[in-house]
Structure formats: structure tokens, C-alpha cells
Amino acid sequence: MRKLLAIGTLVLVGISLCFYPASAHISFSTISPASRVIVTIYEGNLSFIREQHYLNLKVGLNEVQFSWAGTWIDSSSIKLEALQHPKEVSIKEAVLPLDGKDFIIWKIESSQNLRELVEISYFTSGLFWEAGYDAEVNPEENLISSLKGWVKIENKSGKDYRKAEVILITGPIHLLKEKKREEKRRVLKAIALEKNEGSERRIIHPQVIEKEKISEYHLFRIKGKSDIEDKKKVKLALFTSKDIPLEVLYCFNLNKWGPYAVKFYKFENKERFPLPPGPIRILQRQTDKTLNYLGEDKIKYISSKGKVEINLGSTCKVRVDRKLKGYLRSRLQFSVRKDLVGYREEEKYQLKSQNFLNKIVKLKIREEISGEWDLLGSSILPSKKEAGALEFLLDIPAKGEKEIAYHIGKKVRLR
Amino acid sequence: MRKTSAKFLKPLGKSFLSVIGTAIFFILISQTFGEAKLIILPSRESVSVKLKGNGQALVQEKRYLELTLGINEVNFSWEKARINPDSVKICFLQEPEKVSILREISSLNQPSSLIWEIDSVKEGKELSQLSYLLSGWISYDQYRAKVNEREDKISLEAYFTICNESGEDFKKVDLFSEDKTHWQTDIKNREEKRLPHFKVESIPLRKIYIFDKEKWGDKVALLYQFFNGKGSPLNRDFIPSGKVRIYQEKGGELSFLGEGEIKKTPSNQELRLYVGKVQDIQIKKEMLEFKKINIRRNERGIIQVYDTEEGYEITLKNLKEKQIKVEVREHIPDSWEMLISQPEEYIKEDAHLIKYEIEVPPKGERKIYYQITRKNLLPRQIIKPLIY
């Protein structure tokens, strides 16, 4: 069954005899299985594969066939390069038959009898990767004792990649739109047809896809060699960070979460590499060593030294009651025609925060205020003031409560 | 990498894995790992189910794995159980430093199974903890509240109902509700169980009569008020929400008073339980005055803004034989000022709500009169989106 799937293999060109009448000048090279496979998986369903094989080349013309039926390999991207003797070995042409068979035949001219290392590279879709994290938090909730990053690699490409060196690239790369690529393929096909009568197309030096530089992207190299088999998903460890200082913050935002505060964990990505987006699970080691599950969230792309914020959900433990304590409409404005054109609204709010926990909590209150407004006064200084919101930071003692008040003036324009 | 052995982790429940599934997996494993052997693992040592309140539960089970030196393969598969495959996790409890997980492999054709490749430098038994999120749980609380004849004490009995639609049977499971109450029980798939949650007797009770037209219409509502927190027999972290059936005990007999609802309430808070509308307290609210004053018009004579003066009279009649206290809640929109208030004392709850507390003697009557002026009111056609 595996053999049926292992399609992208190099075969002795003897098979291609049925397509090419034997010529005295053509030698058929024998090949060994890939000696090295490098799989680079990008975000957005694109992977770049490099397979290195030894070819036994004879003086003169050699033919090598590579086939990929049943896979998602982009035929326009397949390329063969001689790595050791580029001067002695030259690729004359690549032939792709147009009758639906997924294979390519390279005609390789060699000036010597050689055992040559060649690299076959191509793009394929159907390989995906996703990062994820398990964070273990200490009982005091001031330290992440271990942050384990892992990666899940899913193979739906139709091809097995065994003993592969795996490189993962974060960040979406620029690709030509599918239509354009299709168009390009169509044109190439037409050119090939023009050049060659009959049932096959010939492309000299096939190189179709533009490769983007990866200078702005981050790259993860999986240690050792991995088997990435078709129709399987493999989860591998990526890294482990230890002892990361942790901050607990409760956040209140009535519009977003209602009267109960939501608990957040905050910590810094102290690694020199960024954290790719993915789910993060928060676990806590119990006295009997078992792991308890505290919650789960998704993190966005976090750069090195960037802050990670994890939402652990609403708790019943910290509550804020918000009351409009005063309201006044004043400072009416009229036009020359005595139309009411605007007025001012004054609003006084009272926020009573209660902590039902046995420890002091840090609470961030975010009040979303729309329209054009000024802060006229507040019982404590806001920690942040934006066009559409006010934020207050407060410490609430264990089992205690705190009250703050603020007063805003809004300008309302009618016309 | 030489594969020394493979283990087959089979959960207890019959529903988890069919024989066919096993056979398929056998083929799959023997294909993938060539020399791999299948060993049926011992059953669960213990299992706990912690309800998360969103239909999901965290399941944690302990099993002994018989490890050999080198690479071990452990397969965990499930057929009908509603396990979130991304949540499945294994960890080791005795000598975790000697056992490490190299890879976790799942087959896309077999979405409900996983294989762990585990590297062990120890030989023999190791206790593992397997955890995963399992959905298909419905749980809720229901209450039975009993008030005494004098209606000054209430007993509250909570029952926890749990329905298992997870696809998995659990035996001797340590079950934890959202508020961490613990039971040890059996619960099969497609089974509903009602478990005693908590019972508290003789909680001091106050009867509250409230008139709030916006909330309960033209009648006075009766609420039972009691406290959860320090100093009260009811002192829990929080009271889960749930339906309450309210009974009164009178001369050894129980009579049903009605149904109410408890909202999720944290500790140190009063709980108010709406019982129903009261027949023998009559209330009438009348508008005695209303005038638009200080009207400002534009050049075309259309009203732009105005003030009002409004007077209201509320009459409370107590048909009972005993004195009662009624909380009268009046909602007053816009910016306003009080001109006259009889009685003088009222509580301004917030910018748009005032509250009178009125004692009404047995078979007696009391009146409230208040006059307000509302300032700078906008006729409806002028009001553009008001922001709050």
C-alpha cells in the first residue's frame, strides 16, 4: 500500500523506452533512494521539497524519470540540479507528456562516467503545520515552570517523506494568485506545444515559481530526522522554556464580558525566536504530581521579547458593579435659526469592585466610552486614556472591595 | 530506531473501541511499525471527570504502563466518545524524568486514535495520567426551598443533575461540579443522574415587597431575601444558578408556593428569590400634574427643547393584618431634579432610579407624592443616537 503511495520516486528511464525509441547515444542512469530530504513547510498550504539522490551517469545522454501521480506536487516547479559536477553534467531538456501522466523526463548530458549527487526540488501543497503550547503554572501563580512548544505536522500531500529534515517557516509568504499561476502554466503549455508537435511538451530549464526571500520570516528547524507519512499527523516537540515570571491580571469590560472580571496571564517570550500562533493549554501540577487543566486560549504571533496574554475566562471571583450615579443635559447650543444643534451630557459613574478571593488581585477596569468626551474628574488617576476608552488599574485586597468614581462630559452634536 | 514494543491503551468502556476498530488498528500498526506487538493494558486505576460548565469535562485517568527500555508505542483510540483529539495528553507521574514522549502520531483516516512514541530509560511499571476534554455533558442545579410558617427561615436543598451524552461509560468516577463539589459515582453513557449537592437549614429570611412597574408591572412583588456568606448558615463560594421550587411548611404539611430562579451569586451577597405577585397589597400610581415649561422653538415654530414639571401620587393599601414594608422603585429617565417629596426620605439608587421604603400599618393606607422637574428634554424627532 505504501508503495502505491510512494510515487514521487525516480525510476530508471528504461520505462521511458516506450516513449522514446532507443538511441545509441542515450544511457540510462541507475539511481538510489533519496540520500537526503529537506521539507520546508510554509504557512498557507505551500511546501518546498528538496530531495537529493545519487545518479550513475554515463558519458553522453542519460534519461531520468520522476513521477508524482496521486500527489499535490506542482509540476511547473520541478527542477533537477547537479550538485557535485555542474560543469560536467548539464541538463539538456525536461519533457512532460501531455496525456495526463504525471511524470517528467530529464535528458542529462554528462562528459564523464560519474556518480553524481543531484537535487530534485519542487513545490507541493497538502502539508500543514500548526504550533501549540503547554504551559505549566506553579501553585502560587507567579511562575510558568515550563512552557513546552510543540508542532503538529499534517501530511495530505499524497506522498510520504521519510527521514526528512523539516523546516517550518512562520508568516504568510507572497504567492502569485492561483489564476496567474494557472495562466502561466497554460502559456507554458502552449509554448511547449508550439515547439513540439506530437503528444509531449518540452521545456528547457524549467523554472516557473518565483521564490520569495525568507529573510523576513522566521524558521524553525526540527531536530533530527522525521518521518512525515501521508495521511498522518505527527506532533513533535519544538522547545522548552523554563521558569518564566508570570503576572496575573483581572480585566473588567462590561460591554465585552459582563459584570465578572476575566482572568489573564501575562508573560514575556524570553526566547530569541518568536512564538508562532497556536493554542496554549494552561496546566497546573497538583501535589500528587497529576496535571490539572486550568484553561486554554489561542496566542497570536509573539515576537521575541513580546508579551503573551492568555485569557483564562470569566471567573466568579472578581466582580465590578457599575452605576450611573448622575446625569445632566446642559449647555444647549442653537443655530441662528434657533435650531438645537448640540448640547453637553455629563455622566457620573461609580464602579464598585469586589474581590472574593483570599489573595490580593490586580484589576484592570476598561470603560468604553463612545463619542466626543472629556474626563472631568476621577477618584483615581486612569492608567490609560484613549479616544474611546478609559482604563484604571487597581489592587483589591483579599476578600475586599474598592470603589472608584469618574465624571465625564460628552459633546453631542445633532446637525 | 528500534521499536521494542507497542502498547494498546484501551479505555474501560465498551463503547470506546469496537472489535473492528481494533482489527484495523492492528493492521495499521503492524504496517507502520513492522515488528510492533500489541499488548492489552490494564484498566484504569482511577478516573475523574471535572465539569467545565460549557458542555465539556476534563477527564483524567490513571493507568500503569508496562514500559520496556527504548522506544515504546502507546496507542489510545476511541470510537464513539466525543473526545476533542487536540486535547488528549499523556504525562508520567512516578519517574517522569526517565520517560519522554518523542512523537505523537495520528492517522487522518482514523481521526479517533493516537499513537505516542515514548522513549524510556526505565523498565517496568510507570503510572501515567491521561487527560482529555470530553463533550456531551449537561449539568444543572435545581433547588427545593422550604420556608417556615412565620416566613423568617428558609432551608435550601440543591440537587445536581448530570446527563452523560459523551459516548463513554464511567465507573467509580470522581465527579466534580463547576464549584468543585465532589461525588464518587457511576455514570453510564445516555444516563441522567440526580445527586445531592448541598443542603442548608434555617437561613434567616426577610420578606421583601417591591413595587417596580418596569420589572413586575402594576402589582407588588414578593421576594425572599437571604444572605450567602460569612455569618450566614449559607456560606458557599458561589451559589450556582437554577430553578427553585418554593414550598411552605405549615403544621407539618407542605404547600407549594411557586417557582423562582436563583442567579449565579458569589459569596457575601444577598440572594433575592422572586416568589410572586401579592394580592393583598394594592397599589395605584397616578400622574397628578404634567406641564411643559420653558419651551424653546426654532424660527419655524417647531419645539427644539423643553422642561417639564411632573407630579405623581402612589397609594399603597395594606389589606393584611400586620404591618408591612414596601420598597417602591421609580424609574426617572433624563436629567431631573426633585421639587417636592413626601415622605422626604428617598434613596437615589442611580441617576435614573429612586427608592422609597414605606411602612404600611395593618389594614392601613400610605401615600407617596413626588414632584420633579425634568430639564432640557428633546422631542422625539430631534433625538439623534444617544450614546450609552
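The values are calculated or read from the model by the stated rules, or taken from the named source; none is laboratory data. A quick note: this is a predicted structure, and the numbers were derived from the prediction, not measured. As a convention, Cβ positions derive from the backbone with ideal geometry for all residues, glycine included, and neighbour counts pool all protein chains shown. For the accessible areas, the whole protein counts, side chains as well, though only heavy atoms, and no ligand, DNA or RNA atoms are used. Shrake-Rupley method; radii C 1.70, N 1.55, O 1.52, S 1.80 Å.
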Practice task
Would you check which residues across segment B:180-199 are closer than 18 Å to B:ASP237 by Cα and either more than 22 Å from the chain's Cα centre (by Cα) or charged (D, E, K, R) (or both) and list them?
Solution key: B:LYS180, B:LYS199
Fill in the blank from the handout: Of all strands (runs of 3 or more DSSP E) fully inside segment B:209-266, the set with 1 or more residues that are farther than 26 Å from A:ASP321 by Cβ is B:242-250, B:253-262
Practice task
Output the number of residues of segment B:107-138 satisfying the condition of being at pLDDT 90 or above, open to solvent by 10 Å² or more (accessible area, probe 1.4 Å) and under 19 Å from A:ALA237 (Cα atoms).
Solution key: 2
Practice task
Can you confirm whether segment A:370-385 contains a residue that is of a type in the set (Lys, Arg), part of a strand (DSSP E or B) and more than 12 Å from chain B (Cβ to nearest Cβ)?
Solution key: yes
Fill in the blank from the handout: The condition from (1) touching a residue at least 24 places away in the same chain (Cβ under 8 Å); (2) within 30 Å of A:GLU372 (Cα to Cα) that B:TYR370 misses is numbered (2)
Handout entry: Residue check, B:LYS263 out of contact with any Phe, Trp or Tyr (no Cβ under 8 Å at 6 or more places or on another chain) and either surrounded by 17 or more Cβ atoms within 10 Å (Cβ to Cβ) or closer than 30 Å to B:GLU365 by Cβ (or both)
Key = no
Practice task
For segment A:386-395, enumerate the residues that are open to solvent by 50 Å² or more (accessible area, probe 1.4 Å) and modelled with pLDDT of 95 or more.
Solution key: A:LEU393, A:ASP395
Exercise for the section: Read through the list (1) touching a Phe, Trp or Tyr at 6+ places or on another chain (Cβ under 9 Å); (2) surrounded by fewer than 18 Cβ atoms within 10 Å (Cβ to Cβ); (3) in a strand (DSSP E or B), then give the number of the only condition that B:LEU273 fails. Expected result: (2)
Problem - Matching residues, segment B:81-101, being closer than 22 Å to A:PHE239 by Cβ and surrounded by fewer than 16 Cβ atoms within 10 Å (Cβ to Cβ) - result: B:PRO96, B:GLU97, B:LYS98, B:SER100
Fill in the blank from the handout: If we take segment A:113-174, then strands (runs of 3 or more DSSP E) inside it with 3 or more residues that are among the polar types (S, T, N, Q) are A:143-155
Exercise for the section: Check segment A:72-82 and report whether any residue there is open to solvent by less than 40 Å² (accessible area, probe 1.4 Å), more than 14 Å from chain B (Cβ to nearest Cβ) and in contact with a Gly (Cβ under 7 Å, 6 or more places away or on another chain). Expected result: yes
Exercise for the section: For B:GLU168, state whether it is of a type outside the set (Lys, Arg), surrounded by 16 or more Cβ atoms within 10 Å (Cβ to Cβ), modelled with pLDDT under 95 and not in a strand (DSSP E or B). Expected result: yes
Completion exercise
Taking segment A:319-331 and the residues there that are touching a residue at least 24 places away in the same chain (Cβ under 8 Å) and more than 7 Å from chain B (Cβ to nearest Cβ), the one that is least open to solvent (accessible area, probe 1.4 Å) would be A:VAL320
Problem - Where A:TYR293 falls short, out of the listed (1) in contact with a helix residue (DSSP H, G or I) (Cβ under 9 Å, 6 or more places away or on another chain); (2) more than 9 Å from every other protein chain (Cβ to nearest Cβ); (3) among the hydroxyl-bearing types (Ser, Thr, Tyr) - result: (2)
Practice task
Could you tell me which numbered condition B:GLU286 fails, if it satisfies all but one of (1) surrounded by 16 or more Cβ atoms within 10 Å (Cβ to Cβ); (2) of a type outside the set (S, T, N, Q); (3) over 28 Å from A:GLU347 (Cα atoms); (4) more than 38 Å from the chain's Cα centre (by Cα)?
Solution key: (1)
Practice task
Answer with yes or no whether A:ARG185 is assigned to a helix (DSSP H, G or I), surrounded by fewer than 17 Cβ atoms within 10 Å (Cβ to Cβ), at pLDDT below 90 and touching a helix residue (DSSP H, G or I) at 6+ places or on another chain (Cβ under 9 Å).
Solution key: yes
Practice task
Output the residues belonging to segment B:77-127 that are of a type in the set (Ser, Thr, Tyr), under 25 Å from B:GLY55 (Cβ atoms) and assigned to a strand (DSSP E or B).
Solution key: B:SER77, B:SER106, B:SER112, B:SER113
Practice task
Kindly check whether there is at least one residue in segment A:138-147 that is open to solvent by less than 10 Å² (accessible area, probe 1.4 Å) and either of a type in the set (Asp, Glu) or under 23 Å from A:SER75 (Cβ atoms) (or both).
Solution key: no
Exercise for the section: Name every residue in segment B:216-238 that is without any contact (Cβ under 8 Å) to a residue 40 or more places away in the chain and of a type outside the set (Gly, Ala, Ser), in order of residue number. Expected result: B:LYS230, B:PRO233, B:ASN235
Exercise for the section: Among the residues of segment A:296-318, write down those that are without any contact (Cβ under 8 Å) to a residue 40 or more places away in the chain, within 13 Å of another protein chain (Cβ to nearest Cβ) and surrounded by 17 or more Cβ atoms within 10 Å (Cβ to Cβ). Expected result: A:GLU296
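Condition check ((1) open to solvent by 60 Å² or more (accessible area, probe 1.4 Å); (2) modelled with pLDDT under 95; (3) on the phi < 0 side of the Ramachandran plot) across all residues:
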residue	(1), (2), (3)
A:ASP339	no, yes, yes
A:GLN350	no, no, yes
A:SER353	no, no, yes
A:LEU376	yes, no, yes
A:ALA405	no, no, yes
A:ARG415	yes, yes, yes
Problem - Pair list, Cβ < 6 Å and 6+ apart or interchain, from segment B:79-104 residues that are at pLDDT below 90 to residues that are assigned to a loop (DSSP other than H, G, I, E, B) and crowded, with 18+ Cβ neighbours inside 10 Å - result: B:GLU79/B:LEU17; B:LYS80/B:GLY167
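Yes or no, residue by residue, for (1) small (Gly, Ala, Ser); (2) at negative phi; (3) within 14 Å of another protein chain (Cβ to nearest Cβ):
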| residue | (1), (2), (3) |
| --- | --- |
| B:LYS80 | no, yes, no |
| B:SER87 | yes, yes, yes |
| B:TRP116 | no, yes, yes |
| B:LYS122 | no, yes, no |
| B:TYR159 | no, yes, no |
